[in-house]
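Only one structure is covered here, and it is reproduced in the block below.
What follows is calculated from the coordinates using simple rules that are stated; it is not laboratory data. These numbers come from a predicted model, not from an experiment. With ideal geometry, Cβ positions are generated from the backbone for all residues, glycine too; neighbour counts draw on all protein chains shown.
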Amino acid sequence: MIGETYALEHPGVFQSMVLADTTARRPPEAAAMWGERIRIAETQGMDALVESTLARWFTEPFRKARPEVMARFGTYIRNTPVAGFCGACAAIASVDLLDRLREIRCPALVMVGEQDHGTPPDMARQIHANLAGSELVIIPSAAHISNVEQTERFSSAMLAFLDRTEATP
């Protein structure tokens, strides 16, 4: 979302973009969900959000198979400052860039985990449809943190895209 916003605010800055597990528009009902996460963080602290966040970010088979990764990401979540988390939630809840994406003129790769419920494949398809000449990759057996859950597939797709775009003048 930050990259999308920056590309719109500063046309021509990017040679190419990789948009991974992201959104360009939140439905109106999302504001209540983000408001609830803010309330939990402010009243119970970040620890109260660890398990539900990990469940959204990673598929169940990956969570069970990689407890060390879950521990590391759990620590990241616990150590997130509440004020920063709440500010990010408020920003995400109000994002609405989808209709403007047509203004972006650089090559773009849109990637998403097939089981990403927070920024689902349908949103990735909408982003792809609004970015002229973009490519879409849906990564199997991955949720929201697809670059960690399917590192090889993610990296391979990204590097192939970057190789193609670097070769283009």
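Identify which of 60, 114, 68 has the largest mean-square fluctuation in a Gaussian network model of the chain, with springs joining Cα atoms closer than 10 Å.
Result: 68 has the largest fluctuation of those listed.
Hey, got a sec? Which chymotrypsin sites (Phe, Trp or Tyr not before Pro) in region 50-150 land in a DSSP loop and have at most 14 other Cβ atoms within 10 Å?
When the chymotrypsin sites (Phe, Trp or Tyr not before Pro) of region 50-150 are filtered for loop state and at most 14 Cβ neighbours within 10 Å, nothing remains.
Would you work out which of 155, 38, 141 lies farthest towards the positive end of the dipole of the chain, given +1 charges on the beta-carbon of Lys and Arg and -1 on that of Asp and Glu, about the Cα centre?
38
Over region 46-94, what is the relative contact order in whole percent, taking alpha-carbon pairs under 8 Å and six or more residues apart?
Answer for region 46-94 is 49 percent.
Using 7 Å Cα-to-Cβ label points, what is the residue 125/residue 33 separation (nm, one decimal)?
Going from the residue 125 label point to the residue 33 one covers 1.8 nm.
Gain in length, residue 16 to residue 160, computed as 0.36 nm per residue apart minus the alpha-carbon separation, to one decimal in nm?
50.6 nm
I need to check one value: relative contact order of region 50-169, counting alpha carbon pairs closer than 8 Å and at least 6 residues apart, in percent.
In percent, rounded to a whole number, it is 26.
Assuming R0 = 45 Å, what is the FRET efficiency of residue 72 and residue 103, from their Cβ-Cβ distance, to the nearest 0.05?
Computed FRET efficiency for residue 72 and residue 103 comes out at 0.75.
Can you compute the charge dipole magnitude of region 26-94 about its Cα centre, using +1 on each Lys and Arg Cβ and -1 on each Asp and Glu Cβ, nothing else charged? Give it in debye, rounded to the nearest 20.
Using Cβ point charges on Lys, Arg, Asp and Glu, region 26-94 gives about 200 debye.
How far is helix 30-44 tilted, in degrees, relative to the longest principal axis of the Cα atoms in the chain, given as a value from 0 to 90 rounded to the nearest 10?
So the inclination is approximately 40 degrees.
If packing is taken as the average number of other Cβ atoms within 10 Å across a peptide's residues, how do 34-47, 96-109 rank, most packed first?
96-109, 34-47
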